[in-house]
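Right, one structure below, let's go through it.
Every read-out reported here was derived from the displayed coordinates using simple, explicitly stated rules and does not represent laboratory data. Because the structure is predicted, anything quoted here is derived from the model rather than measured. Don't worry about glycine lacking a Cβ; one is built from the backbone with ideal geometry, like all the others, and counts go over all protein chains shown.
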Amino acid sequence: MSDAWSRYWAREASGACLPGAPPAVQLALEQLWTVAAQAAPVAAAWLDVAAGGGAVAKVVRGVRNDVAVTGIDAAQVSPAAAALGVRGGIDAAGLPFGDASFAVVSSQFGLEYCPQAAWAEAARVLAPGGALLLVCHHAASRAVAHNRARLAAMRALVAAGLFALAEGLAAGRGEDAGLVRQVMAARAAHPGHSVVAELPQALGQWARAGRPDAVAAIRAEAEAEMTRLAAMQGAALDADGIGERQDWLRGRASRVECLTEADGTPICWVLRI
């Protein structure tokens, strides 16, 4: 799983709180972290768990240059994230920090992917009276719905034989008319998703050029993306799910709110101590 995320963070360079989200959603998330940064104690030690590309650290550093932000992620992170203080290859379920080491502990679209032990670890390293702020995927958010549909479209293309078709062409075996019909049917069944055009186009280009290596590389990237999309669906929380996660915080009292778009559609859960 960490390999799939390492692939993602190696090339995700937007620095956005939720890459690909509408500007209003990005702004809402940035404002949340801006307010949190403003409220942090002077010279606070801040830990961001499952920090990925360092989006939280980027916002905090832009607001408070006295706050020392350390980020950790199980995946390997990009040089840009490392420059923001994010360290890769660290398991959130076994943090290499002492008890009560941080005045602030945060996670944005990260800790919900982790097991119960990681939530207990986040509580363990939080200093008494410290602030914990977790932003978690809401099961009813547009981002989760969009990626659920994208995953379904990609799986349909795979099941229809898209990669088998491309691999046959790249190997010089010619175009399988039956597979072509199946792929076209899968594309028609998932209109409105760019992946049903982009993936066949990219594969077709290299397959017709006789490049099985390029086809294999695209397949590896697609499989990694499907792994990430499936993980997001499993991590997204409904009301019962976020309530259960509260119980994982070693008995620490916490409260939950739902951050929403202007029309009331959920963006995420916000859990605080």
Practice prompt. Give the residues of region 12-36 whose amide nitrogen is closer than 19 Å to a point set 7 Å from the Cα of N65 in the direction of its Cβ.
Written response: 34
Worksheet item: What do you get for Rg/Rh of region 223-273 when both radii come from the Cα atoms and Rh is the Kirkwood radius?
Response: 1.07
Item to complete: Please report, to one decimal in angstroms, the Kirkwood hydrodynamic radius of the chain built from all distinct Cα-Cα pairs.
Response: 20.1
Item to complete: Can you tell me the FRET efficiency between A93 and V180 if r is taken as the Cβ-Cβ distance and R0 is 35 Å, rounded to the nearest 0.05?
Response: 0.15
Fill in: Label-point separation in nm, A127 to A189, each point 7 Å along Cα→Cβ
5.6
Practice prompt. Please find, in a Gaussian network model of the chain (springs between Cα atoms separated by less than 10 Å), the residue of V77, V125, V49 whose mean-square fluctuation is greatest.
Written response: V125
Practice prompt. Calculate, for A145 and A209, the FRET efficiency according to 1/(1 + (r/R0)^6) with r their C-beta to C-beta distance and R0 41 Å; round to the nearest 0.05.
Written response: 0.70
Item to complete: Counting residues in region 142-232 as N, plug N into 2.2 N^0.38 Å and put the Cα Rg over that result.
Response: 1.06
Discussion item. Please compute, for the alpha-carbon atoms of region 8-153, the extent along each of the three principal axes and give them in descending order in Å.
Written reply: 46, 31, 30
Worksheet item: What 222 nm value per residue comes from the helices of the chain, counting each DSSP H run with n ≥ 4 as -39,500 (n - 2.57) and dividing by all residues, nearest 500 deg cm²/dmol?
Response: -16000 deg cm²/dmol
Worksheet entry | HN-Hα J in Hz across region 225-240 - Karplus 6.51, -1.76, 1.60, θ = phi - 60°, x for Gly and Pro | 5, 5, 4, 5, 5, 5, 5, 4, 5, x, 7, 4, 10, 8, 4, 5
Worksheet, complete the sentence: Per the rule of 0.36 nm per residue minus the C-alpha distance, extending T34 to M226 adds in nm 65.9 nm
Item to complete: Pull up all non-local amide H partners of L47: gap of 5 or more, or a different chain, and H-to-H distance under 5 Å with H placed in the peptide plane.
Response: T70, V104, V105, S106
Item to complete: Give the percent of DSSP beta bridges with both residues in the chain that are antiparallel, rounded to the nearest 5.
Response: 40
Worksheet entry | Virtual spin-label span in nm between A217 and Q116, 7 Å along Cα→Cβ | 4.4
